[in-house]
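> My structure is below; once you've seen it, I'll send some questions.
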């Protein structure tokens with residue numbers, strides 16, 4: 001710790017931990033009040049000081065009904081109406097970012113499934129320096145039109161940079177052409193290493209993809225699915241996806257053919273992870289969200305209030 005860092009630490013200790021006034025800190029350190037203010041600002045920006053504004057548990061009765069129906073912790077974000085879908089997503093993403101900053105701590109591994117929603121959460125992260133933390137990509141991002149690496153890799157890197165964590169990228173396609181190819185790739189040591197990091201995750205963050213939505217899900221709009229794939233999904237009764245694993249309305253997924261070629265963790269694999277945070281904005285996501293809940297993929301749901309109300313109006317048909 002250099003001289004300025006020592007000074008920042010001393011000022012922060014006096015002001016935040018010993019509850020000394022800024023004027024008193026200035027006198028003790030032989031500085032002006034504005035100088036102490038700048039010192040404290042630098043201490044926050046450098047990570048010496050971490051301030052958490054803990055979000056209150058949102059949602060009231062609606063949240064309790066979701067929890068009773070699906071056995072998850074629900075965080076229902078109030079939004080003003082009318083709002084565009086982009087603004088609604090931004091409100092929910094901001095709240096989700098606060099929760100991630102509260103839950104992701106030293107020595108933990110955070111798993112990310114790339115997508116429009118998780119990218120929105122990334123935009124609201126406040127730089128926080130953690131020790132020995134890891135951010136790992138959960139699903140591949142390449143497709144037939146582009147490598148996809150910039151999207152998935154950049155998102156993981158953005159989270160890792162925000163937390164001063166180690167990034168673990170997953171440079172494989174979102175979907176293999178053949179299930180046999182995936183089985184062979186899963187034997188490679190480099191791939192097994194990433195799969196092992198994923199399995200050790202303490203916390204995962206993902207959205208749900210909907211076949212049709214005002215804010216399109218990335219997997220359905222960016223060259224990941226061929227026309228034949230879309231036809232097969234329709235024939236299988238698929239309503240959306242979690243981590244690029246496709247689900248039917250009742251939460252079933254095991255015999256959906258394309259899932260044998262997908263690279264994301266399936267609901268059974270997700271269930272081995274302690275905290276699984278699903279972020280949802282927009283009523284078009286209700287049906288795939290309900291499928292994800294019935295599949296057991298979620299422990300914590302962050303959702304806007306109108307969508308939450310729509311969700312509780314539809315009684316869950318547990319499998």
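The values are calculated or read from the model by the stated rules, or taken from the named source; none is laboratory data. No experiment lies behind these values; they were computed from the predicted model shown. So basically every Cβ, Gly included, is an ideal-geometry build from the backbone, and we count neighbours across all protein chains shown.
> Taking the options 156, 118, name whichever one is farther than 24 Å from residue 211 by Cβ, within 11 Å of the chain's Cα centre (by Cα) and at pLDDT 90 or above.
So the residue among 156, 118 that is farther than 24 Å from residue 211 by Cβ, within 11 Å of the chain's Cα centre (by Cα) and at pLDDT 90 or above is 156.
> Sort through 49, 25 and tell me the only one that's buried (at least 17 other Cβ atoms within 10 Å of the Cβ) and modelled with pLDDT under 85.
Of 49, 25, the one residue that is buried (at least 17 other Cβ atoms within 10 Å of the Cβ) and modelled with pLDDT under 85 is 49.
> Collect the residues in region 156-175 that are more than 18 Å from residue 118 (Cα to Cα) and either surrounded by 21 or more Cβ atoms within 10 Å (Cβ to Cβ) or not assigned by TED's automatic domain parsing to the domain that holds residue 101 (or both), keeping them in residue-number order.
Correct list: 172, 173, 175.
> Given the options 310, 230, 275, name the one that is touching a strand residue (DSSP E or B) at 6+ places or on another chain (Cβ under 9 Å) and surrounded by fewer than 20 Cβ atoms within 10 Å (Cβ to Cβ).
Just one listed residue meets the conditions, 275.
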